[in-house]
Every structure is written in C-alpha cells, then in structure tokens.
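This report concerns only the one structure given below.
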Amino acid sequence: MRNSVVAMASVFVVCAAGLLSIHLLGGPGPADPPAPTSQVAATSAGLTPSAADVPEPTPMVDPDPGKPKGDKRSPAELGSAVARAVRAGGSASGVGVLVLDTGNWRELATSDPDRQFRSASLVKLLIAIDAMQSGLSSNAELRTMLAASHDGIASQLWMETGGSAMVQRQARKIGLSRTAPPLDPMHWGDTKVTARDLGKVYRHVLTELPKAQREVIVGALAAAPRVAADGFDQHFGIPYGLPEVQWAVKQGWAQGRAGVDLHTSGLLAERSKVVVLLSTHAPGTGYSRAARSLTAGAGELGGLF
C-alpha cells in the first residue's frame, strides 16, 4: 500500500510540474523579453534608437525672403556653405554634399563628394534595384522597405540578393567607383557609399530603369511617412529643411562605436534636382542634435528652388 501511495504521489508531482511547464512556456507575458531579431536586422543599420534617443521633430527652416531664387554661388561655394551649416551644429566630423540638375546633370553644389560614409539605410536603394531586376520581391514589399525604411524586409532581401556580391554587381552596372560592401557581410548598413556615387544611383533610377520600376522606387520615396518602421522621425534634413519643395527622399541613420551617421537624400522639385547630404558625427552625439544640423544644411539650398 505504501508503495502505491508513493507512486501516486510521484505521478501527481510529475503532472503538476508538466502543467506548470506548459503554463510557463505559453505566450510571453508582459515581463517577457521581445523575440530576438535576426542578426542582420539587429546589427546592419546600427543600433535601434531607444525611446529617449528618437529625435523630437526638427524645427522647419523658414524660407529666407532675402535670398534670391536661383542661387548664384558656384558649386564649390554652395557646397561649402551647406557643409558649414551642418558643422555649425558642433558635432559633425565629416560632411559630403552633392546637388545635381537632372536637366543636364550639371553639379550645382559639391563638397567632399568622394568621401566614404557608412550607408545606413541608403543601401536599400541598391537592394531595391537588384531585387526588382531579379524578381525576388513584390512591389508592395519594396515600397514598404523604402518608404518606411523597413529593416526586416531589407535584411531578408540582402540575403536573397547575395549581400556583398549584390553591392559589387550594382556598383559595376551603375559605375559606382567608391561604393564598397561592408567588411562584415552580415552588416548591410556598413556598406560604404559617397555622395557622388549616390548621385549616380539616382541618375540610374531616372534614366536607366524601366518606367514601371522607376515609379515603384520614386513613388515609395515620395510617400515616406514622418515616422519610420522603427519609430524614428525620418523627416529631418530635406523634408524639414525645405518645407515648400516637393520631395521624394531616402534617409539613413545609424549609431555605433564609430559615432552617429545621419544622411538625407532624394529627388526634389518634380525630380528636377538630386540632393545628397551625408554626415558622420562624434561618438555620443544624440540623434536630435545631428538631425538639426542636417536640417540646417538642407535649408541652405533653398535658393535653388
């Protein structure tokens, strides 16, 4: 009898433990950590901004009524003025500027256009071009990746298009002499780009891609919401700095041991101008401070519109 009681007690304990395990392994409760992100998504575009580090909306730059339309400064003078406006924020250690007139592809502003920067999400332009050419993604998915700067979609397509090999392939096709894959192929946001090469990418979109593919990309950039998929305010730079100008933009932001990279780029004024403004900032710089400096730099271009 005693053995039977012990056996029954043992069964009860095992069943209770099983039920407890099932309960604990059920859906995560409020205190459970979020499911881990894939390695590429978690590391490629820099650190995801915390709630405290997401910038407040950058003040819009009011157009200067005293500045004549049709800026008469030389490309070097205007480019230097843009770079100075960015550096005036006190944190930028590097600035690259390029503005092109898409009517004749003449340079309107230039400053250090061949300096390499960490691409952050700007590499999504190359991912989108390659994915469309390879038939690897739907138009809806590409629009979301570009407009909302969706890292998860970018991470998946980065792997499907070949990652570093895709960067090299598109660099050859488009003629990007200073664009290079990341040292760690899992970190797509560490792809190296320059302002001049990004100008070539936008020119390729406007003049070389089939119309249907071109409209997917430009339409997505024109529909970029203020709040990106990761909660970041992506209307710094061109949208806030040139509030009266029609835009289609691709922005980039990344944070890590090397500092903060913040970029604003796109097609402006009914695709008549290409604007690329790249920047890197000292480690410890907050996104808000960097964003304000990019907006001030973009505002310096108001005389062109």
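The values are calculated or read from the model by the stated rules, or taken from the named source; none is laboratory data. Everything numeric in this text was worked out from a predicted model, so none of it was measured. Using ideal geometry, Cβ is built from the backbone for each residue, glycine included, and neighbour counts are taken over all protein chains shown. Surface areas here come from the heavy atoms of the whole protein model, side chains and all, with no ligands, DNA or RNA. Shrake-Rupley method; radii C 1.70, N 1.55, O 1.52, S 1.80 Å.
For the range 204-244, what are the residues that are within 22 Å of Met166 (Cβ to Cβ), surrounded by fewer than 21 Cβ atoms within 10 Å (Cβ to Cβ) and touching a strand residue (DSSP E or B) at 6+ places or on another chain (Cβ under 7 Å)?
Val218
What are the residue pairs meeting all of these: first residue in the range 115-133, first residue within 11 Å of Asp261 (Cβ to Cβ), second residue open to solvent by 10 Å² or more (accessible area, probe 1.4 Å) and among the polar types (S, T, N, Q), Cβ atoms under 7 Å, and 6 or more apart or on different chains?
Correct list of pairs: Phe117/Thr280.
In the list Thr161, Thr110, which residue meets the criterion of being touching a Leu at 6+ places or on another chain (Cβ under 7 Å), buried (at least 19 other Cβ atoms within 10 Å of the Cβ), within 30 Å of Arg73 (Cβ to Cβ) and hydroxyl-bearing (Ser, Thr, Tyr)?
After applying the criteria, what remains is Thr110.
Among what's in the range 113-122 and is within 22 Å of Ala165 (Cβ to Cβ) and either of a type outside the set (A, V, I, L, M, F, W, C) or surrounded by fewer than 22 Cβ atoms within 10 Å (Cβ to Cβ) (or both), pick the residue that is farthest from the chain's Cα centre (by Cα).
Looking at the filtered set, the residue picked out is Gln116.
Residue by residue through the range 123-158, note down the ones that are open to solvent by 20 Å² or more (accessible area, probe 1.4 Å) and in a helix (DSSP H, G or I).
Of everything in the range 123-158, those that are open to solvent by 20 Å² or more (accessible area, probe 1.4 Å) and in a helix (DSSP H, G or I) turn out to be Met132, Gln133, Ser134, Asn139, Ala140, Glu141, Arg143, Thr144, Asp151, Gly152, Ile153, Gln156.
Here are some conditions: (1) over 15 Å from Val193 (Cβ atoms); (2) under 16 Å from the mean Cα position of the chain (by Cα); (3) among the hydroxyl-bearing types (Ser, Thr, Tyr). Ser265 meets all but one. Which one does it not meet?
Going through (1) over 15 Å from Val193 (Cβ atoms); (2) under 16 Å from the mean Cα position of the chain (by Cα); (3) among the hydroxyl-bearing types (Ser, Thr, Tyr) one by one, Ser265 breaks only (1).
In the range 179-203, what residues are open to solvent by 30 Å² or more (accessible area, probe 1.4 Å) and under 14 Å from the mean Cα position of the chain (by Cα)?
Across the range 179-203, the qualifying residues are His187, Asp190, Lys192.
How many residues are open to solvent by 10 Å² or more (accessible area, probe 1.4 Å) and either without any contact (Cβ under 8 Å) to a residue 40 or more places away in the chain or touching a Gly at 6+ places or on another chain (Cβ under 6 Å) (or both) if we restrict to the range 260-275?
Count: 2.
Read through the list (1) modelled with pLDDT of 95 or more; (2) open to solvent by 40 Å² or more (accessible area, probe 1.4 Å), then give the number of the only condition that Arg257 fails.
All conditions are met except number (1).
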